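The values are calculated or read from the model by the stated rules, or taken from the named source; none is laboratory data. These figures come from a predicted structure and were not determined experimentally. A quick note on method: Cβ atoms are made from the backbone with ideal geometry, for glycine too, and the neighbour counts reach across all protein chains shown.
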Amino acid sequence: MTAPDISQSIDAVWRIESPRLIAGLGRMVHDLGLAEDLAQDALVSALEQWPESGVPDNPGAWLMAVAKRRAVDHFRRQERLERKQEQLGRDLESRAEPDLDDAIDDDFGDDLLRLIFTACHPVLSTEARVALTLRTLGGLSTEEIARAFLVTESTVAQRIVRAKRTLTKHDVAFEMPTGDDRTARMASVLEVVYLIFNEGYSATAGDDWVRPALCEDALRLGRVLAELAPAEPEVHGLVALMEIQASRLRARTSTSGDPVLLLDQDRAWWDQLLINRGLAALDRAQALEQPAGPYVLQAAIASCHARARTADETDWARIAALYLALARLTPSPVVELNRAVALGMAYGPEAGLRLVDELAAEPTLKTYHLLPSVRGDLLTKLGRGDEARAEFLRAAELTQNSRERKLLEERAASVSTQPAG
């Protein structure tokens, strides 16, 4: 096998095995930062040895064996942790080499769930949770995370370092939360996964409208989480939402990479496999017979689009009703803005514009480019071209995504000659 082939193999192994490795080590050493350091040490050993020896038959067990030996060495060096050294050293050394396969698989589900809850702990900032999750659970390098979020490598590295320090400072245990704490922690986990997905689905900045790799990372995390927490309807709701939204990725851009809005998309390009997976996940969530949470409601909204063979067949009245339920559950100006769109489609642009105008004074939407964009669309339908043009241009100034800016400027130009009606 050539050097490039070995390098690709190591990269593939790391993507698959790193979450398992860090999760297992986290349970052993009770320190996420140390667990990741030990895993990275094992990766360095693989990069040094595998080009000569070849990739072992069980690379995950090989990495775990190296990491465990490094853990023993680490605690031996820490004289101030002598008691911990004795306890952990005995535990780590007591496992014979033939048991390595079992060691990496034992309690894997629980270990991974602990790792997810730790990396997404609410004590961390949103940026830190995202970076740490992609690093420890997604197996992404600092460079890859930086490139995905259009920030410098040093920024990502600092976020990860600060996250580890914060977890240590607050003595966050590598454990499974219970009761109300589990509910709060699960909400944080789902928020992080969806943030990652959304940054791939609608990039907030840069030259690309979509970044499918981030959507794939979030989907993989969501699917794993659904297997680990099968009784959590919101987990299945989030997976359903992401599967259905991801089904549209190919149709969301033109061949030149420009955005294509939902109602203009060629639905033949929608991925039916992902739609079916999403609808199945929504069925699983609803079969648990618990009150619908925000992700289940959003998935139900997405399913209305997925089930419509054409844009004209969309059940906008149901979508508006679902947004009303979502607004009552989690009041938000953004949810209300989406409801205004649905009202405009179901009951006419005047109905949507009334709600949009009510939101105009909302401080949190002052710099939100979609507010003037939605208003411009409704004004266009009412024949108020000059006002619509001004709204689209304002939206173009507010967005930080160059592709979206171009689209909004084109929409402004397309209504510039329309007479006021």
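Would you check if there is a residue in region 322-332 being assigned to a helix (DSSP H, G or I), in contact with a His (Cβ under 9 Å, 6 or more places away or on another chain) and not basic (Lys, Arg)?
No.
With the structure loaded, tell me whether residue 374 is under 23 Å from residue 385 (Cα atoms), assigned to a helix (DSSP H, G or I) and either of a type in the set (Phe, Trp, Tyr) or in the same structural domain as residue 392 (by TED's automatic domain parsing) (or both) or whether it fails that test.
Working: under 23 Å from residue 385 (Cα atoms): yes; assigned to a helix (DSSP H, G or I): yes; either of a type in the set (Phe, Trp, Tyr) or in the same structural domain as residue 392 (by TED's automatic domain parsing) (or both): yes.
For residue 374, the condition - under 23 Å from residue 385 (Cα atoms), assigned to a helix (DSSP H, G or I) and either of a type in the set (Phe, Trp, Tyr) or in the same structural domain as residue 392 (by TED's automatic domain parsing) (or both) - is met.
Residues checked against (1) touching a Pro at 6+ places or on another chain (Cβ under 8 Å); (2) free of Cβ contacts under 8 Å to residues at least 40 places away in the same chain:
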| site | (1), (2) |
| --- | --- |
| 309 | no, no |
| 319 | no, yes |
| 343 | no, yes |
| 348 | no, yes |
| 353 | no, yes |
| 375 | no, yes |
| 378 | yes, yes |
| 392 | yes, yes |
| 397 | no, yes |
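Take residue 226 and tell me if it is under 20 Å from residue 298 (Cβ atoms), assigned to a helix (DSSP H, G or I) and in contact with a helix residue (DSSP H, G or I) (Cβ under 7 Å, 6 or more places away or on another chain).
Spelling it out, residue 226 is indeed under 20 Å from residue 298 (Cβ atoms), assigned to a helix (DSSP H, G or I) and in contact with a helix residue (DSSP H, G or I) (Cβ under 7 Å, 6 or more places away or on another chain).
Taking helices (runs of 4 or more DSSP H) that do not extend beyond region 67-184, which have at least 1 residues that are modelled with pLDDT of 85 or more?
The helices (runs of 4 or more DSSP H) meeting that bar are 108-119, 126-136, 142-149, 153-169.
Just to check your reading of the model, which residue among 328, 339, 389, 307 is more than 25 Å from residue 234 (Cβ to Cβ) and basic (Lys, Arg)?
389
Kindly establish whether residue 137 is surrounded by 15 or more Cβ atoms within 10 Å (Cβ to Cβ) and within 15 Å of the chain's Cα centre (by Cα).
yes
Given the structure, is residue 387 farther than 26 Å from residue 201 by Cβ and surrounded by 14 or more Cβ atoms within 10 Å (Cβ to Cβ)? Can you show your working first?
Working: farther than 26 Å from residue 201 by Cβ: yes; surrounded by 14 or more Cβ atoms within 10 Å (Cβ to Cβ): yes.
When the stated conditions are applied, residue 387 passes them.
Which of (1) surrounded by fewer than 22 Cβ atoms within 10 Å (Cβ to Cβ); (2) out of contact with any Pro (no Cβ under 7 Å at 6 or more places or on another chain) is the odd one out, the single condition residue 188 does not satisfy?
Of everything listed in (1) surrounded by fewer than 22 Cβ atoms within 10 Å (Cβ to Cβ); (2) out of contact with any Pro (no Cβ under 7 Å at 6 or more places or on another chain), residue 188 misses just condition (2).
Could you list all residues from region 277-324 that are among the hydrophobic types (A, V, I, L, M, F, W, C), surrounded by fewer than 22 Cβ atoms within 10 Å (Cβ to Cβ) and over 24 Å from the mean Cα position of the chain (by Cα)?
287, 308, 311, 316, 317, 321, 324
Only one of 13, 44 is on the phi < 0 side of the Ramachandran plot, within 27 Å of the chain's Cα centre (by Cα) and not basic (Lys, Arg); which?
Residue meeting the stated conditions: 13.
For region 295-315, give me each residue that is assigned to a loop (DSSP other than H, G, I, E, B) and either polar (S, T, N, Q) or within 14 Å of residue 283 (Cα to Cα) (or both).
Matches in region 295-315: 310, 314.
Given the criterion at pLDDT 90 or above, within 15 Å of the chain's Cα centre (by Cα) and closer than 25 Å to residue 17 by Cβ, identify the matching residue among 187, 226, 240.
226
Would you tally the residues in region 241-266 being surrounded by 17 or more Cβ atoms within 10 Å (Cβ to Cβ), part of a helix (DSSP H, G or I) and touching a Lys or Arg at 6+ places or on another chain (Cβ under 8 Å)?
Matching residues across region 241-266 total 2.
Within region 17-55, count every residue that is of a type in the set (Val, Ile, Thr) and either in contact with a His (Cβ under 6 Å, 6 or more places away or on another chain) or under 15 Å from residue 111 (Cα atoms) (or both).
So the count comes out to 2.
Is it true that some residue in region 296-306 is among the aliphatic types (A, V, I, L, M) and out of contact with any helix residue (DSSP H, G or I) (no Cβ under 8 Å at 6 or more places or on another chain)?
No, there is no match, as no residue in region 296-306 is among the aliphatic types (A, V, I, L, M) and out of contact with any helix residue (DSSP H, G or I) (no Cβ under 8 Å at 6 or more places or on another chain).
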